[in-house]
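Following: one structure in structure tokens, then a few remarks.
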Amino acid sequence: MYYLGNSMYQGYNPEALQKSLTLIFEAVQGEKEDRLFYEYLISVAPTQEDKEIISSIRDDEIRHNIMFKKMYKDFTGQEVLDVTEESFKKPASYVDGIQQALFGELKAVEKYREIRKGLPDRQNRDVVFEILTDELKHATKYNFLYTENRTNRLVQSESTIEKTPDDWIRYTEFLVKEAQEDVKRGINLTHIFQEFILMGVLVGKGYSPKQAYETVESWERTGESQLLQESKKKP
């Protein structure tokens, strides 16, 4: 019988516990890469709703990492140090990144089930169960984002078929109004031209005018486009 705090578990298996600890160690590696991945997804997310959903998932993952590190130290007396090198490869697109994140959550569920199986007390098993349910919730959210964005892209692509020149003018009126507002705010014309030509390119690729606007603005705000940041500073 194994005791931890006020809890006890009669099926204590040293080998199973060691396997769980090894998996916990693996689970908390790659924090830096994960941080860059979430920063990328948030920066290119086409709507504020998407950004908020991904930010909430990121915050949960930070909390899970802290919980696993504490659990590992409680059992071993040792800190878990992130020994992986910072390496981040951008997904081909936002939708591809969401798909990658979705499968990552499902893979994490399988790993966390193994971790929970080898833990010798109910207290820590309950902690991992909480993390597991969060991961399933994350997978559901990513599935929503993936479906929503894939559907929007298809609808937008269909909406661009057989538009007349006047249809295009009406369709992009939102961008024209935003450009006029930038002129009123005294933003230099080079920066305005760069931004709104980029937005036009994105509209041609199937983005809605609003999504194109938010995407280019995020490139400037996050520094993903240094040229946009530089041109905005010019008089």
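Coordinate-derived values only; no laboratory data. What you are looking at is a predicted structure, and each value in this text was computed from that prediction instead of being measured. Here Cβ is always computed from backbone atoms with ideal geometry, including for glycine, and neighbour counts include all displayed protein chains.
Quick notes on this one:
- Take every Cα pair under 8 Å whose residues are at least 6 apart in sequence, average their separation, divide by the length of the chain, and the relative contact order is 23 percent.
- Cross-link partners of K69 among aspartates and glutamates, defined as those whose alpha carbon lies under 13 angstrom from its own and excluding same-chain residues fewer than eight positions apart: E26, E31, E61, E79, D82.
- For the chain, the direction-averaged projected area of the alpha-carbon convex hull comes to 15.8 nm².
- Between 0 and 90°, nearest 10: helix 189-204 axis offset from the chain longest Cα axis: 70
- Coordinate range of the alpha-carbon atoms in region 161-233 per principal axis, descending: 39, 25, 15 Å.
- Every helix of 4 or more DSSP H residues in the chain counts as -39500 (n - 2.57), and over all residues that averages to -25500 deg cm²/dmol at 222 nm.
- Calculated FRET efficiency for the pair E148/E181, C-beta based, R₀ 35 Å, to 0.05: 0.80
- Rh (Kirkwood; distinct C-alpha pairs) - region 98-235, Å: 18.5
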